[in-house]
Amino acid sequence: MKQGPKGLAVGLAFLFQFIFIATAFAAPVSSRDLLESGSKYQGQLIEYEGEVVGDLMQRGEYAWVPISDGLNTIGVWAPSSCAKKIKYIGSYRYRGDRVRVSGIFHDICRDHGGDLDIHAKRLDIIERGRRIFYPLELSRFVGVGILGLFALLLYLLNHFRMRGPS
Amino acid sequence: MRFRRFKLDLQVIIYYTARIIMGLAVLMVIPLITALLFQEWKIALDFLTGILLSLITAFAFNLFTSPNAYKLKLSWVHGLVAVTLAWFIGVILAAVPYYLSGFFGSFLDAAFDAMSGFTTTGLVLIQDLDHVPYGINMWRHLLTFLGGQGMVVLALTFLFRGTSGAFKLYAGEAKDEQLLPNARNTARVIWFISIIYLLVGTLVLWLTGMIIGLSPLRSFFHGLWVFMAAWSTGGFAPQSQNIMYYHSALYEFIIFFFITAGSFNFALHYTVFQGKLREFWRNIEIISFFITVNLLFIIVAFSLKQSGIYPHFELFRKGFFHLLSGHTGTGFMTIYASQFLRWSDLAFLGLLIAMLFGGSACSTAGGFKALRIGIILHTVIREVKRMINPERAVITERFHHLRDVLLEERHIRAALLIVILYIATFTITTLANAAAGYPLMMSMFEAASVTGNVGLSIGVTAPAMPDLLKALYILVMWVGRLEFMAVFAGIAFVVETLRRK
């Protein structure tokens with residue numbers, strides 16, 4: 001009986017801690033927060049969300065996955081099995097897959113020469129990427145044509161001036 | 001008579017400026033081809049627009065010169081003003097494809113990045129870098145590579161018929177070593193050295209890129225661009241994470257080598273190419289650079305160790321990389337800008353001094369330059385000797401730079417003048433940053449980076465920074481790269497022109 005209130009207190013403490021952690025990390029952390037308050041998140045399990053950009057760099061059974069949340073790009077060290085889920089990588093021609101990563105944040109990672117990174121435990125695709133099309137406007141062609149004619153005119157003017165009696 | 005003389009002055013300046021701009025138009029063909037290869041049609045149109053505008057400018061300039069303008073004698077003032085004018089117009093024209101691409105918030109931002117490239121500074125205002133097309137990335141890195149060797153050096157190599165007075169143009173771009181009796185041949189030697197390094201550097205980084213997981217095609221372009229930025233001590237990189245993107249000690253080590261080589265004097269490279277290896281160990285610039293890098297690293301390492309930010313290996317990898325990146329004027333980063341704020345004041349100060357010191361004279365680097373620091377140190381030694389010796393004793397001091405040179409007053413005067421101008425520019429830029437509301441340490445750091453054409457950033461340089469500050473940075477990068485004199489000559493010429501009117 002004596003253990004009752006103490007056990008209840010411990011149980012409640014765990015419950016509050018769980019609720020605190022769950023609410024703190026349910027929403028993805030922005031790259032700005034991670035960069036500006038890195039030491040606060042050091043070694044913590046966090047969720048980070050963004051677009052896969054650049055290149056997937058395979059290193060043995062892991063791969064570097066650069067993920068941009070629109071503010072900054074952070075390197076995510078993910079198992080190859082996770083990286084294989086990625087289909088589209090962001091570039092000029094593609095909008096990359098939007099992913100949510102759950103992993104351990106390292107402000108200064110000892111495994112990777114002091115880089116700021118996230119070691120992924122889980123990677124989920126939230127939204128598939130797509131091809132981006134850039135329409136060519138007719139006005140741009142007309143503009144280039146006019147500039148071309150103007151350049152030709154000036155060239156000819158110079159050419160005849162050079163050949164003329166001077 | 002006076003008006004006729006002035007008209008002739010203008011003709012010479014305009015003739016040479018037009019030639020240099022023509023060179024820029026030819027150069028834009030490379031990113032145009034890159035854009036076409038990767039089917040970036042819109043970007044290809046942007047470059048075509050840039051090429052046509054450059055040609056129109058050059059042809060329009062030619063209309064104001066006489067057909068025999070190339071025969072006119074080029075004076076020092078002509079050379080300096082032509083270079084200043086060519087850089088100014090060149091930056092505006094180079095910014096055209098940037099702006100049209102849609103990756104910049106304004107034309108001022110585009111001009112900022114163009115000037116940053118030409119001056120091999122490496123600070124950027126480009127947005128969404130991770131989605132930038134191949135054509136634009138090629139242009140960014142080509143600009144910085146060209147800027148390192150010199151726009152005039154390129155034009156001298158390919159576009160000038162005569163060679164009389166060419167040295168005056170060449171020297172206007174802050175390259176005062178004449179490797180061969182003829183300036184045009186000197187320019188060719190500079191390009192020869194750079195192309196050899198370009199081939200070797202790209203190959204090494206290409207192979208390393210594949211080892212660290214990049215695809216062969218991507219690895220080639222990353223290797224080419226990173227080499228261009230490393231050799232020209234520029235600091236641009238194709239991805240927003242800069243060099244941290246690669247997460248590779250091997251890649252960083254190779255970059256160590258190329259940024260150091262890029263910061264050495266072209267004359268030294270040429271001497272070593274000729275087999276005179278002893279010069280490397282005797283040269284005042286190498287000795288000065290070696291001493292300052294080591295002393296400053298002791299300061300940075302001691303301070304970082306005390307603050308406990310990095311463990312041992314990480315301390316070397318981050319501390320030394322950024323120190324060397326700052327000292328050579330490169331600006332490559334393997335940490336985020338905001339992470340610098342956690343560095344202790346002493347480490348911060350060490351890095352700041354390194355940025356102001358810079359690399360060698362007649363190299364791709366900016367800053368005070370190792371030669372001038374060496375000369376000032378020799379002057380101090382000479383003065384100390386004078387103090388401890390009898391008044392009648394004749395005290396001489398010598399330094400070795402390609403040959404043994406007797407330290408003269410003119411060397412001291414020239415070195416001190418440029419160093420004082422750098423310090424004045426650094427102070428003005430710091431004050432401007434502080435006036436814009438940035439904390440003092442941040443203001444000093446960014447000011448040192450801009451003044452020394454370095455490119456390390458603590459976060460001040462961003463698209464949201466005030467336009468006036470952007471304009472000031474453009475000016476500071478320009479005067480810093482041309483080492484003041486060419487820009488001063490340009491301003492003096494304009495003032496004189498207005499006075500005569």
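For B:PHE488 and B:ARG382, calculate 0.36 nm times their separation in residues minus their Cα-Cα distance, and state this gained length in nm to one decimal.
Full extension of this stretch gives 35.0 nm more.
Taking the solvent-accessible surface of protein heavy atoms with a 1.4 Å probe, what is the per residue accessible area of chain B in Å²? Please list the in-between numbers first.
On the way: 18900 Å² over 501 residues.
Accessible surface, normalised per residue, equals 38 Å².
Name the residues of segment A:67-100 whose accessible area, probed at 1.4 Å, falls by at least 40 Å² once all protein chains are in place instead of their chain on its own?
When all protein chains are present, A:THR73, A:TYR92, A:ARG93 each give up 40 Å² or more of accessible surface.
Using a 10 Å cut-off on Cβ to Cβ distances, tally the other chain neighbours for every residue of A:51-61 and report the average as a whole number. Could you put the intermediate results ahead of the total?
Numbers: counts 2, 1, 8, 11, 12, 3, 11, 4, 5, 1, 0.
That average works out to 5.
Based on DSSP H runs of at least 4 residues, each adding -39500 (n - 2.57), what is the mean residue ellipticity at 222 nm of chain B after dividing by all its residues, to the nearest 500 deg cm²/dmol? Write out the running numbers ahead of the final one.
Working: 21 runs with 332 residues, N = 501.
That calculation yields -22000 deg cm²/dmol at 222 nm.
Using only atoms on other chains, find how many Cβ atoms lie within 10 Å of each Cβ of peptide A:106-114 and report the average. Numbers along the way, then the final one.
On the way: counts 0, 3, 8, 2, 4, 0, 6, 13, 15.
Per residue, the average neighbour count from other chains is 6.
With a sphere of radius 13 Å drawn around the Cβ of B:LEU214, what net charge do the other residues whose Cβ falls strictly inside it have (Lys, Arg +1; Asp, Glu -1)?
That works out to +1.
Would you mind telling me the share, in percent, of accessible area of segment B:242-327 contributed by carbon and sulfur at probe 1.4 angstrom? Display every interim value, and only then the final one.
On the way: 2590 of 3490 Å².
Within segment B:242-327, the accessible surface is 74 percent carbon and sulfur.
What does the average come to when, for each residue of peptide B:127-137, you count the partner chain Cβ atoms lying within 10 Å of its Cβ?
Mean number of neighbouring Cβ atoms from other chains: 4.
Using a Förster radius of 51 Å, what is the FRET efficiency between A:SER81 and B:ILE196 based on their Cβ-Cβ separation? Nearest 0.05, please. Present the calculation step by step, with values, prior to reporting the outcome.
Details: r = 44 Å, r/R0 = 0.87.
E between A:SER81 and B:ILE196, to the nearest 0.05, is 0.70.
Would you mind getting me the FRET efficiency between B:PHE302 and B:ILE428? Use the beta-carbon distance for r and R0 = 25 Å, nearest 0.05. Intermediate values should be presented prior to the final figure.
Numbers: r = 31 Å, r/R0 = 1.25.
Plugging the Cβ-Cβ distance into 1/(1 + (r/R0)^6) gives 0.20.
What does the convex hull of the alpha-carbon atoms of segment A:28-131 project to on average, in nm²?
5.9 nm²
Compute the Kirkwood hydrodynamic radius of chain B, taking the inverse of the mean of 1/r over all pairs of distinct Cα atoms, and give it in Å to one decimal. Display every interim value, and only then the final one.
On the way: mean 1/r = 0.0431 Å⁻¹.
Answer for chain B: a Kirkwood hydrodynamic radius of 23.2 Å.
Quickly rank A:61-72, B:16-27 as a protection proxy: mean count of other C-beta atoms within 10 Å, highest first.
Packing order, densest peptide first, comes out as B:16-27, A:61-72.
What is the sum of charges, Lys and Arg at +1 and Asp and Glu at -1, for the other residues whose Cβ falls under 15 Å from the Cβ of B:ALA58?
On the way: positive: A:ARG161, B:ARG19; negative: none.
Once all neighbours under 15 Å are counted, the net charge is +2.
If exposed GluC sites (Glu not before Pro) are those in a DSSP loop with at most 12 other Cβ within 10 Å, what is the longest stretch of chain B that has none? Can you show the working numbers first?
On the way: sites that count: B:GLU391, B:GLU408.
Between exposed loop sites, the widest span is B:1-390.
Counting C-alpha atoms alone, how compact is segment B:386-501: give Rg to one decimal and Dmax as a whole number, in angstrom.
Final numbers for Rg and Dmax: 19.7, 62 Å.
Please compute P(r) over all alpha-carbon pairs of segment B:279-465, binned at 5 Å starting from zero, and give each bin as a whole-number percent.
1, 8, 15, 18, 17, 14, 11, 8, 5, 2, 1, 0, 0
Compute from the Cα atoms of segment B:210-259 the Rg and the Dmax, the latter being the longest Cα-Cα distance, and quote both in angstrom.
According to the Cα coordinates of segment B:210-259, Rg and Dmax are 10.0, 26 Å.
Please check segment A:124-153 for residues whose accessible area, probe 1.4 Å, is lower by 40 Å² or more when all protein chains are in place than in their chain alone.
A:LEU136, A:ARG140, A:VAL144, A:LEU147, A:ALA151
I want the local charge near A:LYS85. Using Cβ-Cβ distances under 13 Å, sum +1 for each Lys or Arg and -1 for each Asp or Glu among the other residues. If you can, show how the numbers build up before the last one.
Values: positive: A:LYS84, A:LYS87, A:ARG98, A:ARG100, A:ARG122, A:ARG128; negative: A:ASP97, A:ASP124, A:GLU127.
Residues near A:LYS85 contribute +3 overall.
Residues of segment B:211-229 losing 20 Å² or more of accessible surface, assembly versus chain alone, probe 1.4 Å, please list them.
Residues shielded by partner chains are B:ILE212, B:GLY213, B:LEU214, B:ARG218.
Before we go on, tell me the buried accessible area for the A/B pair, both chains summed, 1.4 Å probe, in Å² to the nearest 100. Write down the numbers at each step before the final one.
Values: alone 11910 and 20980 Å², together 28660 Å².
Approximately 4200 Å², summed over both chains.
Counting only Cα, what are the radius of gyration and maximum Cα-Cα distance Dmax of the protein assembly as shown, in Å?
27.2, 118
The values are calculated or read from the model by the stated rules, or taken from the named source; none is laboratory data. Source: prediction; values computed, not measured. Cβ coordinates were reconstructed from backbone atoms using ideal geometry, including for glycine residues, and neighbour counts include every protein chain displayed. For accessibility, only protein heavy atoms count, side chains too; no ligands or nucleic acids. Shrake-Rupley method; radii C 1.70, N 1.55, O 1.52, S 1.80 Å.
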